[in-house]
Ligand code: HEM
């Protein structure tokens, strides 16, 4: 027998013994656990997850309720699937549930211990959140960098115009633009050229990490298997992260050199990387070490790039499937802004239909469908049930967005539903929580809000969009690919025809 197979059998046997030894004792202790499907011996409800765990969990919640528990292998997971239960978890019990359960695939030494995303609710996490809140995402900061974002979106429009009449891969173009928005806002550099293979390479790295970290992993369900990483997920994520670390290492090196020279010449760029490097070279107790800086850059890069571009891609897919909504959004842009100038971030407030399109997209296709895994820091009660300390807690934002008790005609794309309603996605309305809520609310939301509306508004202002020859709106393939983020399984391709605005601005 192969050595790996030996290890697997050994670990499974040990797991079985562990389970038998602990089940009886735990049963009485956990009898107030939330209800859930009856677990199979050893594997629990693992086989119920399938290829689309967000959908399977939504289906199970219909039977077992909005606070449900599942034994997945040897590990108990609690899943929250209604607005009231999400309010209880992310608002009332937020302090107890703000810790993170770190998937084994991302337990890459040197990475997760320094990560803002994966650290528990501790002092380092608080410091890092405070740094990005005050140095990155204030309105003043974002206003100061808006011309950079406009440039990146102009490049996107220019790229599509060069390919007018041909089918364009919207996801890849939106991804390269999101990446450049992040890197130019934070580090004053463009990482990729929209036309180059490099954009595709980065997209492959980011989507591979998202897919591998989101994929059900035996090591998470049978902790004894961690040593052998049976699916090889941690090994592959380590390799992918290594490429990003190499890139950011070089960036930090050249900036450190620059900062030393600039100090002499009194010249500085004042972007986020400059500020991080200053926090690195100072001698007091707010000093940031190099690993923490690198990890923060990697975190921003991963958390911000494909979430924003997936939102644009899903919105375009829905608009292509629903031409009347596309026409309404374009009419609003034509009326509100006209054809003499391009959309600006300051226009977003005056474009209610465009905002409704984005909300409806985030309701139907939340880019992070199960949010990121939370963990109970202490024994806590949810929905009247006991959630023991250390339990993994998932909030199924996808299930809430598709719930017929919450939304009328939930499967239809109807942006109009938001025109007459105050429901918003900023974390206060628990029927729409694509960015989460509470302490772990996505800190990048203010940047994502601007980037997504600006990209989408510009694509709709500059072009009429058609499907490739022979395709009908109902042919647009919206099959999902599940990972930490929910992507379209097949690339979305559409043909751009310049509108009057694009023709006028060309002259
Ligand atoms: C449409 C775009 C985006 C969506 C839908 C989104 C959604 C989310 C969600 C659901 C979480 C986890 C919340 C939880 O665990 O309860 C999260 C966390 C996070 N997001 Fe975003 N995000 C987006 C864009 C961004 C951007 C642009 C950035 C930064 C450049 C960013 C940075 C982060 C970080 C650092 C965290 C971890 C926060 C923590 O654990 O304390 N996100 N995001």
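Here are some notes:
- Protection proxy ranking, peptides 315-322, 206-213, average beta carbon neighbours within 10 Å, highest first: 315-322, 206-213
- When each of the peptides 431-444, 130-143 is scored by the mean number of other C-beta atoms lying within 10 Å of its residues, the order from highest to lowest reads 431-444, 130-143.
- Prolate/oblate/rounded call for region 38-129, Cα gyration tensor, a/c under 1.5 rounded: oblate
- Computed from Cα atoms, the angle from the helix 233-265 axis to the main principal axis of the chain rounds to 50 degrees.
- Each 10 Å bin, from zero up to the one with the longest distance, holds this percent of the alpha carbon pairs of region 366-483: 10, 29, 36, 17, 5, 2.
- Of all DSSP-defined beta bridges confined to the chain, some 85% are antiparallel rather than parallel.
- Rounded Å value of the spacing that divides the Cα centres of region 435-475 and region 338-388: 12
- The chain - mean residue ellipticity at 222 nm from DSSP helices (-39,500 (n - 2.57) per run, n ≥ 4, rounded to 500): -16500 deg cm²/dmol
- Computed over the chain, the ratio Rg/Rh where both radii use C-alpha atoms and Rh is Kirkwood: 0.98
- Rough spin-label spacing in nm, given labels placed 7 Å along Cα→Cβ, for residue 227 and residue 246: 3.2
- When the alpha carbon gyration tensor of region 93-160 is reduced to an equivalent ellipsoid, its three semi-axes come out at 32, 18, 11 angstrom, largest first.
- Shape of region 132-222, Cα gyration tensor, a/c cut at 1.5: oblate
- In region 224-381, the inverse of the mean reciprocal separation of distinct Cα atoms equals 20.5 Å; this is its Kirkwood hydrodynamic radius.
- Annotation: peptides 149-157, 331-339, ranked by per-residue average of other Cβ atoms within 10 Å with the highest first, follow the order 149-157, 331-339.
Readers should treat all values here as calculations from the given coordinates under stated rules, not as data from a laboratory. Quick caveat: nothing in here was measured; it's all calculated off a predicted structure. For neighbour counting, all protein chains shown are included, and Cβ atoms are generated from backbone atoms with ideal geometry for every residue, glycine included.
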